[in-house]
Amino acid sequence: MKIVICTMPIRPTPTDFPPFGSMQVISALRKAGYDPQFYDIDAQRPSFEQVEAYFTKAQPDVLGISAVVSTAYAYTKKLSRMVRRVSPKTRIVLGGNLAASAEILHRLAGIDYCAAGEGELVSVNLMNYLKDRLERGLSGDDYEKLKTIKGLTYLDEKGEMTFTGYEFKIGAEEFEVPDYSILEQFSDIKLYVNEPTVRPDFMADPRTFEPHRKGKKMATLLTSKGCVARCTFCHRWDKGYRAWPTETIMKTVKYLIERYNVGYFQVGDENFGSDKRQINEFIEAIKPYDVLYDVAGVRVRTVEPTLLKRLRESGCVAAYYGMETGSPRILEVMEKNISLEQSINGARWTKEAGLFTVYQLVLGMPGENHETIGETIEFLKKTTEILEEPPVRKLSINFIQALPGTPVYEYARFKCLLGKSLKEEEAYLELDSDVEAADDTKFINFTDWDYLTVQSWRRRIILECTAHYRKVRNLPPPSVMEIYQHTLLRYISPKRYEALKAEAAAKDGLDYNTGGYFNLQRSLFYDVISAYLYPIRTPLLWLWLLVREYKRLGPATFAGHVWEALKRRIAGPSHDAFADYRSLRKVVDGVTPAPAGPTEAAMAPLRAGR
């Protein structure tokens, strides 16, 4: 049986994060006696004409689509329809977080089956079922047998969606070293094992320039699966948290060092360090390898000064946290299960340990308003005044993105912000496809304020933090040459201006535009306004915002937003403004009606997430 597994583009710029989910499924299928092919569309970005030519020639019996985020929807639908046309007998299976929209995928995108949860066991069981039917020359489905395969969704003989329930979780002791030969054989390993010099966290650490590290490569390492938290905006497909055995992690480290000359690691966990026993073992085990690494997904409630110093001594250069907000009320809505004190301490202790970080925030949750933004500003003043770099270089601020399988998405459905039909909900998924988290023109406005006001909040936060930082540090105002390069030069010599801008971006591998994971700002206007024009900062910020929005939205859309803002100010505060500052999960649970039929009942656990 011919099987092809492929990855879907989820954002305009591919990252260097390996497709571990696809790799694990391929390894599981190989152990079961299958020989799947792999088409790494996300990383390689072939033209759609090339993709069509590939499937026209391949004619697979089964196509497995890996869609790790709902932003893959538009490409997934386009691919599915094309495969239906050029290879009509192919059965199409989808795995990944997009499966939380299973009904839409089945009814509108042409997907035969969705694999919900971990795919290793589900994929093997489904392939065994399909192989049996293929060998016996049977078409269609045996719905009684399908019901016995855990982790599947499909449309039954009556057209109702069925979910067979989640498959058992794979035990931590069963995790194996990822098979990077899959990437060598079917993709381009250089996309995933690359240069550390593109990342400023490594470049900011003097140990990077030690002679024996010259020529060493950078790769991604996982030490766990899942997360101990259940943030209401976060799409998660794995229930609970499983720390990998230290022995398995070190086998991966050794393999990557020996095969690819790796000396730098990005630890790309969803949640790093929540198992105290494992993190202590990890620190001691990685020391002898003399590598440098950064860690992501760290929770501020799990760190303390001694641990952070030990991490640095073992080779760690950076720790990244999801602090998300400086408002205690929004922390409750997000169900972060952290306190502002823990975030402030985590920021200070990280700095004292000599570790690099970027503060990540999410704006626009239900209940966000001027007061909660003010709370976030005061919080960030405390956490950024200790930095060696200005806040504008350390703040990654995005607006909330409604992802299927989250309380935020379900709240949007309850408020009819996604429409009232599957087609209207699909329209949102298509609009939100292949975008960066930084694309704030397509976010759903959950607040009781107008679009332009919400857009002004990020500028207000960065400006107030910049002004505070400059005052505390007693910094001199920007020079005439700096102002020239950031203002007049764009009009006098646009090409030179864009060249300087691109040069600055190239030095910062953390930014979305260079395949990184943060939305960093580079404008000098914050320094200019803070140093010279602070008393009139509000009208200047609004003028800046209005000019930018007019340029990127166009006259018609811009005029609509201006009219919305005027009406909001004339009408005053909304009489039904969001004021239920508790977990959004509890809010959603309280307003969600009982399932109206079999399809609704099947969708309920997928919509609830894990």
In order through region 440-445: 3J(HN,Hα) via Karplus (6.51 cos²θ - 1.76 cosθ + 1.60), integer Hz, x for Gly, Pro
8, 8, 10, 6, 7, 7
Shape call, region 530-580: gyration tensor on alpha carbons, a/c limit 1.5
oblate
Other-chain or far-sequence residues with amide H under 5 Å of residue 316's (modelled H)
293
Angle between the chain longest axis and helix 598-608 axis [Cα atoms, degrees, rounded to 10]:
40
Over the Cα atoms of region 308-360 the radius of gyration and the largest Cα-Cα distance (Dmax), both in Å, equal 12.3, 37
What order do you get for 531-540, 30-39 when each peptide is scored by the mean count of other beta carbon atoms within 10 Å, highest first?
30-39, 531-540
Could you tell me how many degrees, from 0 to 90 and to the nearest 10, lie between the Cα long axis of helix 555-571 and the main elongation axis, the longest principal axis, of the Cα atoms of the chain?
70
For residue 214, which aspartates and glutamates qualify as cross-link partners when the Cα separation must be under 12 Å and same-chain residues fewer than eight apart are set aside?
195
Hey, which of these cross-link pairs are over 18 Å Cα-Cα: 31/225; 225/309; 2/89?
31/225; 225/309
Projected onto the charge dipole of the chain (+1 at Lys/Arg Cβ, -1 at Asp/Glu Cβ, origin at the Cα centre), which of 197, 149, 308 gives the Cα projection farthest towards the positive end?
197
At a Förster radius of 56 Å, what calculated FRET efficiency corresponds to the Cβ-Cβ distance of residue 310 and residue 185, to the nearest 0.05?
0.90
To the nearest 20 debye, the chain has a Cα-centred charge dipole, built from +1 on Lys and Arg Cβ and -1 on Asp and Glu Cβ, of 900
Looking at the chain, which Cys residues are left with no other cysteine's beta carbon under 4.7 Å from theirs?
6, 114, 227, 316, 416, 465
So, with points 7 Å from each Cα along the Cβ direction, the residue 495-residue 289 label distance in nm works out to 4.7
Could you pull out every one of the lysines with an alpha carbon less than 19 Å from that of residue 147, ignoring same-chain neighbours closer than 8 positions?
131, 158, 169
Could you please state how large a percent of the accessible area of the chain is carbon and sulfur, counting protein chains only and using a 1.4 Å probe?
55
Where Rh is the Kirkwood radius over Cα pairs, Rg/Rh for region 245-309:
0.96
Nearest-5 percent of antiparallel DSSP beta bridges in the chain?
20
Burial-style ranking of 165-174, 187-196, 252-261, average other-beta-carbon count within 10 Å with highest first, yields 187-196, 252-261, 165-174
So what's the angle, to the nearest 10 degrees on a 0 to 90 scale, between helix 494-506 and the longest Cα principal axis of the chain?
70
State in Å² the accessible area per residue of the chain; use a 1.4 Å probe, count heavy atoms of protein chains only, and round to the nearest integer.
43
Determine one quarter of the surface area of the Cα convex hull of the chain, which equals its mean projected area, and express it in nm² to one decimal.
28.6
What number, in percent, do you get for the relative contact order of the chain if the mean sequence gap of Cα pairs under 8 Å and at least 6 apart is divided by its residue count?
15
Of 140, 181, 99, farthest towards positive along the dipole that unit charges on Lys, Arg, Asp, Glu beta carbons give region 85-228:
181
Taking 361-368, 442-449, 598-605, 455-462 and ranking on average Cβ neighbours within 10 Å, highest first, one gets 361-368, 455-462, 442-449, 598-605
Quick query: amide H of residue 520 versus all other amide H atoms, modeled in the peptide plane; which residues come in under 5 Å with a sequence gap of 5 or more or a different chain?
512
List the residues, sorted by chain then number, that are 5 or more residues from residue 37 or on another chain and whose placed amide H is less than 5 Å from its amide H.
3, 4, 5
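The values are calculated or read from the model by the stated rules, or taken from the named source; none is laboratory data. Every value quoted in this text rests on a predicted model; they were computed, and no experiment measured them. No Cβ is skipped: glycine too gets one built from the backbone with ideal geometry, and neighbour counts run over all protein chains shown. For the accessible areas, the whole protein counts, side chains as well, though only heavy atoms, and no ligand, DNA or RNA atoms are used. Shrake-Rupley method; radii C 1.70, N 1.55, O 1.52, S 1.80 Å.
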